[in-house]
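Beneath this line is the structure, given in structure tokens, with notes to follow.
Values quoted throughout were computed directly from the atomic coordinates according to the rules given, and no laboratory measurement underlies them. On a predicted model such as this, the values are computed, not experimentally measured, just so you know. Virtual Cβ from ideal backbone geometry, glycine too; neighbours counted across all protein chains shown.
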Amino acid sequence: SAINVAILGATGAVGTRMIEQLEQSEIKINQLKLLASPRSAGKTKSFRGTTYTVEAATPESFVDIDLVLSSAGGAVSKKLLPFAVKAGAICIDNTSAFRMDPKVPLVIPEVNPNDLDWHQGIIANPNCSTIQMLVALAPLDQKYGLRQIVVSTYQAASGAGQSAWNELLDQAQQHLNGNPETASILPVSGAPKHYPLAFNLLPQIDVFEDDGYTHEEWKMIHESKKILRHDMDNPDLKVTATCVRVPVPVGHGESIYFKLNQNPTVTDLKKTLEAAAGVTLQDDPANQLYPQPITAEGQRDTFVGRIRPDYENPGSYNFWVVSDNLLKGAAWNAVQIAETLLQRNLLG
Ligand code: A2P
């Protein structure tokens, strides 16, 4: 039966793609509600041939809504989603607001769909960098046992929202015109200092913690352990991360070094990854085939290549993983969770 859906943050980089992914899904929708800040009220968007008007989100916006997909920032989720849950809706939240709450499942459908069974109204979408890393590593964890991850990310501007994406393009234009680059958003909006991303690299994503790691780096560490259940069942998984913003509009890259309990051959790893849901292997150095952001953009899969053993440490390997941060990293993962809920009779 058809459901009533609200998109919170419907005008943003992720919200726009949530609408697209929902439009392409099999989900039958009765009423669609597009919610954003008061600045966007009155804007229109078309969905499956009908024009919808964006409304300012309020605590009363969720009456009769069955499903909320939210990506309007953590503060907005914290404030508004409890009202949606009270109104009886299931919320799939793309922000970090509830991810580490023990009562909230943190779900990648290819990896831990059974965690959907114990939701209490809110289901969290993991961080974009965590999702693509675990789509690639979880099949190896299941087969060979994962002991350690050392990841360096190459994260696209759009991960910081539409305004950061626009800022990168403006800076590139300014640079080519011979003008000084202006920066007011990246690395983090609201931070005391801003630096240009165009023709640069920024080794800061989200705010710094007192220990010198960024919040983004800790998200990758904590979320990976929660999703793979290594905090409870297997305390042996070690994770460390360095997160870097690169001047790419869409598509995160990750250089991942990982250590397994077993010592499979690279051929074994490739076979396992080829059979894994949501993974496309792009690993053919002789033909210069490897994952790239420009070829991953617009795709739902996570692309894996450059698989190599660390010859000096048996059981340890390197690979390179790319995915569209706005799709598998955000909008597609959220819509895929909704589809999985419907398949399991947990929604509608
Ligand atoms: P708006 O476009 O009206 O500012 P992005 O991640 O691309 O920056 O998008 C953020 C999304 O969150 C946008 O849709 C934005 O709407 C929305 N948003 C920002 N602040 C609020 C708020 N206070 N209430 C509801 N939606 C908000």
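Tell me, how many Å apart are the Cα centres for the stretch 7-52 and for the stretch 189-211? That distance is 30 Å.
When DSSP assigns beta bridges and you keep just the ones with both residues in the chain, what percent turn out antiparallel, to the nearest 5?
50 percent
Among 281, 22, 289, the largest mean-square fluctuation in a Gaussian network model of the chain, built with springs joining Cα atoms closer than 10 Å, belongs to 289. Each other residue within a Cβ distance under 15 Å of residue 26 adds +1 if Lys or Arg and -1 if Asp or Glu, for a net charge of +1. When a/c reaches 1.5 or more, the comparison of a/b and b/c decides; with that in mind, is the chain rounded, prolate or oblate per its Cα gyration tensor? Judged from the Cα gyration tensor, the chain comes out oblate (a/c at least 1.5, b/c at or above a/b). Here, P(r) means the percent of Cα pairs in each 10 Å bin from 0 to the largest distance; for the stretch 27-98 it is 19, 52, 28, 1.
On full extension, the segment bounded by residue 208 and residue 177 gains 7.8 nm, given 0.36 nm per residue less the C-alpha separation. Divide the volume of the convex hull around the Cα atoms of the stretch 130-324 by the residue count and you get 139 Å³ per residue.
Using only Cα atoms, locate the centre of the stretch 69-96 and the centre of the stretch 287-348, then give the distance between them in Å, rounded to an integer. So the two Cα centres are separated by 25 Å. Computed from the Cβ-Cβ distance with R0 of 25 Å, the FRET efficiency linking residue 117 to residue 64 stands at 0.50. Annotation: the residues 165, 332, 118, sorted from fewest to most other C-beta atoms within 10 Å of their own C-beta, follow the order 118, 165, 332.
By how many nm would the segment from residue 238 to residue 23 lengthen if fully extended, with 0.36 nm per residue of separation less the alpha-carbon distance? Provide the component values of the computation, followed by the final result.
Working: separation 215, 0.36 × 215 = 77.40 nm, distance 3.93 nm.
Length difference between fully extended and current span is 73.5 nm.
Taking a Cβ cut-off of under 13 Å around residue 87, the surrounding Lys, Arg, Asp and Glu residues balance to a net charge of -1, with basic ones at +1 and acidic ones at -1.
Sum up the charges of everything whose Cβ sits under 14 Å from the Cβ of residue 128, counting Lys and Arg as +1 and Asp and Glu as -1, but leave residue 128 out. Before the final figure, lay out the partial values.
On the way: positive: 17, 99, 219, 245, 300, 328; negative: 93, 206, 216, 217, 223, 254, 297, 324.
After counting each charged neighbour, the total is -2.
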